[in-house]
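What follows is a single structure, written as structure tokens, with notes after it.
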Amino acid sequence: MSDPSIEFTISRQTLYEGKIVHLRKDRVRLPNGKETDREVVLHPGAVAVLAIIEDDVLLVSQYRYPVQARLWEIPAGKLEPGEDPKSAAVRELAEETGYKAGKVKKLFTFFTTPGFSNEVLHLFLATDLVAGEAHPDDDEFVDCERVSKEEISTLIATGDIVDAKTLLALVAFLGDQLPKG
């Protein structure tokens with residue numbers, strides 16, 4: 001049985017091919033028979049890490065040019081071609097915080113903005129952390145802080161944490177909605 005809500009691609013045009021994202025314009029036929037254009041941002045996917053030490057979380061602060069602001073986030077980064085998401089999570093945690101995780105467990109996989117992008121984000125939980133030296137990429141200027149549950153609650157309540165992946169992870173953490181074991 002076919003889904004009556006599916007849109008069918010009529011034509012596809014590449015508008016831009018960048019280092020991280022590509023932009024495509026697709027002409028589609030809607031379920032009602034009409035045609036329209038869909039602009040699609042193609043992204044290689046990303047990982048994010050909720051890193052927990054006792055009852056604290058590691059957060060990084062970095063300037064995000066598209067929003068012209070310094071944001072609090074959990075460690076994260078894009079997948080390299082063919083890279084395993086769990087390996088990428090371990091790599092990003094070490095690069096941005098210096099910490100190595102004794103245990104890494106996948107929490108969620110979700111689309112970040114399915115209205116215009118195919119980006120998939122894999123969220124991991126990292127525990128049994130051992131401190132080390134951070135080694136961010138040459139174009140990253142990241143500060144790492146260990147933040148308590150109380151501080152996290154305040155940062156969320158005051159609107160100081162506005163990054164979606166970070167909010168999702170921290171709300172699950174604060175609501176004790178993380179998998180056990």
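The values are calculated or read from the model by the stated rules, or taken from the named source; none is laboratory data. What you see is a predicted model, and the numbers here were worked out from it, not measured in a lab. Cβ coordinates were reconstructed from backbone atoms using ideal geometry, including for glycine residues, and neighbour counts include every protein chain displayed.
Couple of notes before you dig in:
- Hits in segment 63-105 - residues which are more than 15 Å from the chain's Cα centre (by Cα), small (Gly, Ala, Ser) and closer than 19 Å to Asp138 by Cβ: Ala94, Gly98
- Across segment 136-159, the qualifying residues are those that are exposed (fewer than 12 other Cβ atoms within 10 Å of the Cβ) and of a type outside the set (Gly, Ala, Ser), and the one among them that is modelled with the lowest pLDDT is Asp137.
- Qualifying positions in segment 143-172 - under 16 Å from the mean Cα position of the chain (by Cα) and of a type outside the set (Asp, Glu): Ile161, Val162, Ala164, Lys165, Thr166, Leu167, Leu168, Ala169, Leu170, Val171, Ala172
- Residue within segment 80-95 that is of a type in the set (Val, Ile, Thr), farther than 23 Å from Asp160 by Cα and either part of a helix (DSSP H, G or I) or free of Cβ contacts under 8 Å to residues at least 40 places away in the same chain (or both) present: yes
- Wholly enclosed strands (runs of 3 or more DSSP E) of segment 14-70 bearing at least 3 residues surrounded by 11 or more Cβ atoms within 10 Å (Cβ to Cβ) and small (Gly, Ala, Ser): 46-53
- Those residues of segment 13-68 which are closer than 27 Å to Asp163 by Cα and among the hydroxyl-bearing types (Ser, Thr, Tyr), in sequence order: Tyr16, Ser61, Tyr63, Tyr65
- Subset of segment 115-141 (residues that are of a type in the set (A, V, I, L, M, F, W, C), within 16 Å of Gly77 (Cβ to Cβ) and in a strand (DSSP E or B)): Val120, Leu121, Leu123, Phe124, Ala126
- In segment 1-35, the qualifying residues are those that are more than 19 Å from Thr113 (Cβ to Cβ) and among the β-branched types (Val, Ile, Thr), and the one that is modelled with the lowest pLDDT is Ile6.
- Count of residues meeting criterion [surrounded by 14 or more Cβ atoms within 10 Å (Cβ to Cβ) and of a type outside the set (Val, Ile, Thr)] in segment 123-135: 6
- Residue within segment 30-49 that is hydrophobic (A, V, I, L, M, F, W, C), under 26 Å from Pro136 (Cα atoms) and in contact with a Gly (Cβ under 7 Å, 6 or more places away or on another chain) present: yes
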